[in-house]
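Just below is one structure, and these are the notes that go with it.
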Amino acid sequence: MNWLDKFHHWRRRRRWNKQYRKGRWKSLQSEREATRYLQIVDFFRKYGKYNPSILDIGCGDGVLNRRMTDFEFHHFTGVDFSSESIRQAQAMDYPKAEFVTADAIEYQPEQSYDIIIFNEAFYYIPDSKKPAVMDRMLAHLNPDGLLIVSIFREGVGCWEYFKEEPRLAELDFVTVTTDKETTYWKIGAYRLK
Ligand SMILES: C[S@@+](CC[C@H](N)C(=O)[O-])C[C@H]1O[C@@H](n2cnc3c(N)ncnc32)[C@H](O)[C@@H]1O
């Protein structure tokens, strides 16, 4: 990234911190949003291995963890570049979960995972960094591992990274709708070929 992109990236991170501090993202805990998290957990059950390790990139304050209380997993790592969201996630003391403040564009996982998730986070990664982030994540996905991606509405400029990625096979792809016409998500499940 050139210095201008770096500056904008730094400003975006500051904005996320401020918004988490003000409670702007508590809206993700609503029942309308729940359908998205529950679809993701459904994909874990359907396509994931038993008792998986999970990496959630752009995990926010850990809303997914709220929605997987009865799902068996052996380890969960949540990564977000907002230190405030990570502080809030850590304060929840979710069992078997660790939360790390790190920027996805440079984050190096310390282990491989059975499930990697981009839950409403991939589109925030600058375009010039998306291919490298994909390479790094796919390199840390176990054989038979599952990649799950959720993107609000159409996801212009994002789905090609998954649908046209020769290393991935699509297992499922659904549109999760809500009572509000303009609020919907597309969620894909992928496996390494
Ligand atoms: C819409 S929120 C979704 C949070 C969470 N995945 C959920 O669905 O509850 C997007 C999250 O992506 C994080 N994010 C954006 N760019 C990031 C980056 N480069 N590295 C890590 N996290 C990032 C933001 O801080 C924010 O928490």
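The values are calculated or read from the model by the stated rules, or taken from the named source; none is laboratory data. Keep in mind it's a predicted model, so treat the numbers as computed, not measured. All Cβ positions, even for glycine, are placed from backbone atoms using ideal geometry, and neighbour counts span all protein chains on display. For accessibility, only protein heavy atoms count, side chains too; no ligands or nucleic acids. Shrake-Rupley method; radii C 1.70, N 1.55, O 1.52, S 1.80 Å.
For the chain, which whole-number percentage of the solvent-accessible area (1.4 Å probe, protein heavy atoms only) is attributable to carbon and sulfur atoms?
Working: 4830 of 9890 Å².
Reported share for carbon and sulfur atoms: 49 percent.
Over the alpha-carbon set of the range 3-192, divide Rg by the Kirkwood Rh and report the Rg/Rh ratio to two decimals. Can you show the working numbers first?
Working: Rg = 15.6 Å, Rh = 16.8 Å.
With Rh from the inverse mean 1/r over Cα pairs, Rg/Rh is 0.93.
Report the antiparallel proportion of the DSSP beta bridges in the range 89-189 as a percent, rounded to a multiple of 5.
Working: 11 of 17 bridges.
Restricted to the range 89-189, the bridges split so that about 65 percent are antiparallel.
What nm distance separates the two modelled labels at residue 14 and residue 69, each placed 7 Å from Cα along Cα→Cβ?
A separation of 3.9 nm, rounded to one decimal place.
Using just the helices of the chain, give the 222 nm mean residue ellipticity in deg cm²/dmol: DSSP H runs with n ≥ 4 each add -39,500 (n - 2.57), and the total is spread over all residues, rounded to 500.
Numbers: 6 runs with 64 residues, N = 193.
Taking each H run of at least 4 residues, the total per residue is -10000 deg cm²/dmol.
Placing +1 on the Cβ of each Lys and Arg and -1 on the Cβ of each Asp and Glu in the range 40-172, which of 89, 166, 65 has its Cα farthest towards the positive end of the resulting dipole?
Of 89, 166, 65, it is 65.
On average, how much accessible surface per residue is there in the range 63-154, in Å², for a 1.4 Å probe, leaving out ligands, DNA and RNA?
Numbers: 3960 Å² over 92 residues.
Counting only protein heavy atoms, the per-residue value for the range 63-154 is 43 Å².
Note down the magnitude of the dipole of the range 81-186 about its Cα centre, charges +1 on Lys and Arg C-beta and -1 on Asp and Glu C-beta and zero elsewhere, to the nearest 20 debye.
100 debye
Hey, got the dipole for the range 1-122? About the Cα centre, +1 on K and R Cβ, -1 on D and E Cβ, debye to the nearest 20? Don't skip to the answer; put the middle values down first.
Numbers: 20 positive and 17 negative charges, 142 e Å.
Using Cβ point charges on Lys, Arg, Asp and Glu, the range 1-122 gives about 680 debye.
Return the single residue from 150, 27, 53 with maximal mean-square fluctuation; model: Gaussian network over the chain, springs between Cα atoms under 10 Å.
Comparing 150, 27, 53 in the GNM, the peak value goes to 27.
Just to be sure I understand the model, the point goes 7 Å from the Cα along the line to the Cβ. What's the resulting residue 83 to residue 159 distance in nm?
3.9 nm
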